[in-house]
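*Asks:* Got a structure for you, written out below as structure tokens; questions coming shortly.
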Amino acid sequence: MIEALAGPQAGGVDDLTASDLLALARDRKAAEDRAAADLLVVAARWADLHPPESIHDAAAFAVPGCEHEEPIAGQGAPLVAEFCLAELGAVLGVSTTAAKKLVGHALELRHRLPRLWGQVQAGRVPAWRARSVAEVTIHTSPTLTVEAAAFVDAQVAAVAGRVGPAQLDRLVAETIKRFHLADVDPTQDPEDGYLHVDPRHATIHSDDVHYAGTMRLEAELDIADALDLDRALAHGAETLKALGSDASLGVRRSAALGDLARTQTALDLHTQGATGIRDADGLPAAREVVLHAHFDATLDGLTTVFGPTGRMEEGQRLVLLDQLRSWCGDSRTRVTIKPVIDLNADLSTPAYEVPDRIREQVILRDRTCVFPWCTRPARGCDIDHVDEYDHHADAEGRPQPGPTRTSNLAALCRFHHRLKTHTAWRYQMTEPGTFEWTSPHGHHYRRDRHGTTAVDQAEPPCPPDIPRPRRP
């Protein structure tokens, strides 16, 4: 009975006993783990089908920017033709980068961590745990050799993958010493070997934005640096309190950290008496940080419990109007207000180069790279002619098939621009800001301002042995 239930829609879950619900939860979790293990097999097999030799023009042409072999796992794992990753990511509903990571983990496990791979396929180790180990062994510095990776594999497999991040770091450090992968100071205490895996970092979690307009910072600092930072934050918090702030200590310390980010880089110049642009207090201007915030001119747009809300291009996150007002009120903030751009206007130019006014319009319309599930900000993307611009059309008296106009331009990151130019991926703009993509295997996707949607089932693919004509 439990196996037949697909969820609340089946109409029987509400009638299950506590024991039945626990059994159902266990079965569903086991099915999820099995599916994740199977997905690793699929990813590895997908890589097998797309070795560097599968690149049609690899032996015939040297096309700048064309497809090349992609090392995505450690030493000893096979290479993969890079453009195949986009098709896999699209059908999984993830970015090409996420697909690259999935295939890399699968190859790392199958070829360099075979014991752990076997335990995943036997259901003794969940796929997510094995992938966390593969992520470390792929990116360890110095690089782990095949023998060193095998040592890590044996140690991790012996405990069925149950190692935490700190234990894994120590194991990798021990492996680096054991296989002489890095020069080690002979006077160093062997117990301090884990220091070869430097834990220091400062990470801004830009994907974890609170609706209050805050973002989480996580850091691991040198002891001296940490103590100095603590004193600086304590001093900044007390300064804000003396200036009349009635915020809590935590809020004032947070604000003090922001003040450090805006002004600390200029203090050395100030104490050395350097010349340059200075504010009224005599300090050099802080390092400039450019943010692009967009608010409805009537302020009738999205409103949260925290107040009127706009959109910031950086990270595609929300920003509160009150925050913007506070930034503008800072004497060290330079504010530039640009004129409103009509995103529905079809701007054009007879030239191939895209002028700034059209580029800005496309950036604001598309927001990100328009390839399915890609989230790279449009401001750092190329502006692509959807229909290719013909540089000889005017000279030969033919109409231009790919004019430089808003209705024929789209933002594509460099990788997906190359993908569109040199593979059978095709797309068209069905309306301003809405694009329909067709993959080499016949899958269709619609990308608009709300994201990406898989449109329908795949059509039969084109014969694989007939290469698409390519430009020399």
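Here, each number is a calculation from the coordinates, and none is a lab measurement. Because the structure is predicted, anything quoted here is derived from the model rather than measured. Here Cβ is always computed from backbone atoms with ideal geometry, including for glycine, and neighbour counts include all displayed protein chains.
*Asks:* Could you order the peptides 158-168, 101-111 from most to least packed, using the average number of other C-beta atoms within 10 Å per residue?
*Replies:* Numbers: 158-168: 13.4, 101-111: 25.0.
Highest mean packing first, the order is 101-111, 158-168.
*Asks:* Find the all-direction average of the projected area of the Cα convex hull for segment 91-132, expressing the result in square nanometres with one decimal place.
*Replies:* So the mean shadow area of the Cα hull is 3.1 nm².
*Asks:* Also, I was wondering about something else. I'd like the Karplus ³J(HN,Hα) series for segment 134-149: coefficients 6.51, -1.76, 1.60, θ = phi - 60°, whole numbers in Hz, and an x wherever there's a Gly or Pro.
*Replies:* With coefficients 6.51, -1.76 and 1.60, one gets 4, 4, 6, 5, 5, 9, 4, 10, x, 5, 6, 6, 4, 5, 5, 5 Hz.
*Asks:* Moving on. Which order do the peptides 74-85, 28-39 take when ranked by the mean count of other beta-carbon atoms within 10 Å per residue, highest first?
*Replies:* 74-85, 28-39
*Asks:* Hey, can you grab everything whose amide H is under 5 Å from the amide H of LEU181? Only 5+ residues off in sequence or another chain; H modelled, so Pro and N-termini drop out.
*Replies:* Residues meeting the amide H criterion: none.
*Asks:* What are the lysines whose alpha-carbon lies under 23 Å from the alpha-carbon of LYS420, with same-chain residues fewer than 8 places away excluded?
*Replies:* Within the straight-line limit of under 23 Å, LYS420 reaches these lysines: LYS100, LYS101.
*Asks:* Can you compute the radius of gyration and Dmax for segment 110-184, using only the Cα atoms, both in Å?
*Replies:* Radius of gyration, then largest Cα-Cα span, for segment 110-184: 11.6, 39 Å.
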